[in-house]
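Since the structure comes first, as structure tokens, the remarks are kept for the end.
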Amino acid sequence: MPDITLTTLNKLKQSGEKFACLTAYDALFAHLESSAGVELLLIGDSLGMVLQGHDSTLPVTVEDMEYHTRAVKRGNQGALIMSDLPFMSCATLDRALDASTRLMQAGAHVVKLEGAGWLADTIGVLTRNGIPVCAHLGLTPQTVNVTGGYKVQGREDDKARELLADAIALAEAGAALLLLECVPSALAAEITRSVNVPVIGIGAGPDTDGQMLVVHDMLGLSFNGRMAKFVKNFMTGQPDIQSALRAYVAAVKAIEFPTAEHEF
Ligand code: KIV
Ligand code: NA
């Protein structure tokens, strides 16, 4: 068992203490991040873009996710490890069970899937088989070709109501965690109040229970020098990466990140 479990995150939600999450794709970063106090490490399929240089997350395979999950497991110092189910791995229940088994056996403690209300049954079956699930809602990069771009989600009233209803349905179906990507802060706050499970936000304002960033983004590393609105460069003013990671954890705990400039 890791030092940080879902029980830990549930207690933090109840007590109102924020928790810090970052992506990790290799053993060294897993070691540095967990040693800095990051509670949850995500092996995100963002590795398709950040590490592999693709222009979307669609080329990432279950095998890729297993490889990086194994590496993160070796470096981890007690954090909860969550791995992404990649593109098309939840298209059928059989595929979702197979891919999730492989990620858990590689070292994940939780799997994350992108999708809305239609995945409630899948989440129920995985959970009953001992695989906790995080449901990723809002901007879901695996469906970028359907939605037409990387845009803020849930701005219109009907879309906001749909997102709230999906979040409640997935928590009732057994989701252990929710992750909200690029949704207006007020909607993220309402969803966080409406469900009993911990809610992680990225580009979702200060009121979710946990905060998430892609580690390369928060270290100021990118291909084109540009940064999304919701990202902060924690290297600014820090002598080394370890200090930047500790500054991120401290800022999340003190609710000093994110601020209005990072919100939608
Ligand atoms: O793949 C990823 O890194 C993610 C986070 C951005 C939430 O899913
Ligand atoms: Na992802």
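Structure notes:
- Per this entry, Leu126 is not counted among residues that are closer than 20 Å to Val183 by Cα and either touching a helix residue (DSSP H, G or I) at 6+ places or on another chain (Cβ under 6 Å) or in a helix (DSSP H, G or I) (or both).
- Gln238 satisfies every condition listed in (1) more than 12 Å from Ala36 (Cβ to Cβ); (2) at pLDDT 95 or above except (1).
- Among residues that are more than 15 Å from ligand 1 (Cβ to nearest atom) and among the hydroxyl-bearing types (Ser, Thr, Tyr), Ser89 is not included.
- Flag for Leu28 being among the hydrophobic types (A, V, I, L, M, F, W, C), away from ligand 2 (no atom under 16 Å from the Cβ), open to solvent by 10 Å² or more (accessible area, probe 1.4 Å) and within 30 Å of Ala189 (Cα to Cα): no
- When Thr69, Thr23, Thr57, Thr7 are screened for being of a type in the set (Val, Ile, Thr), at pLDDT 95 or above, crowded, with 16+ Cβ neighbours inside 10 Å and farther than 17 Å from Gln142 by Cβ, only Thr69 passes.
The rows are residues; the columns are (1) over 17 Å from the mean Cα position of the chain (by Cα); (2) in contact (Cβ under 8 Å) with a residue 12 or more places away in the chain; (3) within 22 Å of Gln77 (Cβ to Cβ).
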{"position": "Glu17", "(1), (2), (3)": "yes, yes, yes"}
{"position": "Leu28", "(1), (2), (3)": "yes, yes, yes"}
{"position": "Gly37", "(1), (2), (3)": "no, yes, yes"}
{"position": "Leu40", "(1), (2), (3)": "no, yes, yes"}
{"position": "Thr57", "(1), (2), (3)": "no, yes, no"}
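- Here Met49 qualifies as outside any loop (DSSP other than H, G, I, E, B), within 12 Å of ligand 2 (Cβ to nearest atom) and not small (Gly, Ala, Ser).
The values are calculated or read from the model by the stated rules, or taken from the named source; none is laboratory data. If you're wondering where the values come from, they're calculated on a predicted model, not measured in any experiment. Because the Cβ atoms are built from the backbone with ideal geometry, glycine has one as well, and the counts that use them run over all protein chains shown. Side chains included, ligands, DNA and RNA excluded: accessible areas come from the protein's heavy atoms. Shrake-Rupley method; radii C 1.70, N 1.55, O 1.52, S 1.80 Å.
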